[in-house]
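S.K.: Quick one: the structure is below, and I'll ask about it shortly.
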């Protein structure tokens with residue numbers, strides 16, 4: 001008897017978490033769709049039939065189709081607009097990556113550039129995060145729009161620990177830095 005194959009099914013809650021983790025992303029619904037948008041521009045939708053639709057540039061659609069042959073090109077008014085695939089057919093890692101690409105494609109240029117810099121760990125001017133927290137924590141905080149200790153003080157320890165890349169060590173270092181300024185977590 002062979003080894004059991006583990007099947008993972010990507011869920012709507014995973015899509016929601018990936019989409020709403022992006023700066024200024026919003027969720028709404030239209031007819032049978034759950035819609036994720038940034039500044040009024042739809043970047044992802046989930047259909048009642050269980051499909052995820054991602055609004056991507058054509059070069060990204062080609063890559064998505066190559067990686068996921070069961071997916072389909074989205075076409076509207078004769079123009080390619082993205083890629084769709086049954087949500088259960090895409091793994092969480094790929095879904096997260098494609099959602100980020102769709103968001104970057106539809107977000108205002110300044111917002112997408114700021115997010116790309118945060119993902120690369122490049123802090124904006126005026127950032128005062130302690131370097132000792134490490135690169136993963138720094139990227140997570142910058143990606144969440146938190147680049148100063150004053151902004152960190154508006155969050156709870158639990159909220160910070162919920163960010164992928166921020167662990168107990170980073171929270172301890174941040175708490176110490178806040179204490180030096182006479183501040184603490186919310």
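S.K.: Test each condition in (1) in contact (Cβ under 8 Å) with a residue 24 or more places away in the chain; (2) assigned to a helix (DSSP H, G or I); (3) surrounded by 16 or more Cβ atoms within 10 Å (Cβ to Cβ); (4) more than 17 Å from the chain's Cα centre (by Cα) for residue 85 and report the one that comes out false.
M.R.: Here residue 85 meets the rest and fails (2).
Yes or no, residue by residue, for (1) under 14 Å from the mean Cα position of the chain (by Cα); (2) assigned to a helix (DSSP H, G or I); (3) surrounded by fewer than 16 Cβ atoms within 10 Å (Cβ to Cβ):
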site: 95; (1), (2), (3): yes, yes, no
site: 105; (1), (2), (3): yes, yes, no
site: 116; (1), (2), (3): yes, yes, yes
site: 125; (1), (2), (3): no, no, yes
site: 132; (1), (2), (3): no, yes, yes
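S.K.: Now for a separate question. Hey, among the residues in the range 45-71 that are in a loop (DSSP other than H, G, I, E, B) and under 16 Å from the mean Cα position of the chain (by Cα), which one's surrounded by the most Cβ atoms within 10 Å (Cβ to Cβ)?
M.R.: Applying the first criterion (in a loop (DSSP other than H, G, I, E, B)) to the range 45-71 yields 48-50, 55-57, 68-71.
From what's left, under 16 Å from the mean Cα position of the chain (by Cα): 55-56.
Details: 55: 23, 56: 25.
Filtering the range 45-71 for residues that are in a loop (DSSP other than H, G, I, E, B) and under 16 Å from the mean Cα position of the chain (by Cα), the one surrounded by the most Cβ atoms within 10 Å (Cβ to Cβ) comes out as 56.
S.K.: Return the total of residues in the range 157-166 being crowded, with 16+ Cβ neighbours inside 10 Å and at negative phi. Quick ask: steps written out before the conclusion?
M.R.: Within the range 157-166, the first condition is being crowded, with 16+ Cβ neighbours inside 10 Å, and the residues that meet it are 157, 160, 163, 165-166.
Restricting the remaining residues to those that are at negative phi gives 157, 160, 163, 166.
Number satisfying all stated conditions: 4.
S.K.: Look through the range 25-44, keep the residues that are assigned to a loop (DSSP other than H, G, I, E, B) and modelled with pLDDT of 90 or more, and return whichever of them is surrounded by the most Cβ atoms within 10 Å (Cβ to Cβ). Steps first, answer last, please.
M.R.: From the range 25-44, those assigned to a loop (DSSP other than H, G, I, E, B) are 31-32, 39-40; that's our starting set.
Those left that are additionally modelled with pLDDT of 90 or more: 39-40.
On the way: 39: 11, 40: 7.
Among those residues, the one meeting the criterion is 39.
S.K.: How many of the residues making up the range 142-164 are within 18 Å of residue 24 (Cβ to Cβ) and not in a helix (DSSP H, G or I)? Give the steps one after another, and end with the answer.
M.R.: Going residue by residue through the range 142-164, those that are within 18 Å of residue 24 (Cβ to Cβ) are 142-147, 151, 154-155, 159, 163.
Now restrict to residues that are not in a helix (DSSP H, G or I): 144-147, 154-155, 163.
Qualifying residue count for the region: 7.
The values are calculated or read from the model by the stated rules, or taken from the named source; none is laboratory data. Remember, predicted model here, so these are calculated numbers, not experimental data. A quick note on method: Cβ atoms are made from the backbone with ideal geometry, for glycine too, and the neighbour counts reach across all protein chains shown.
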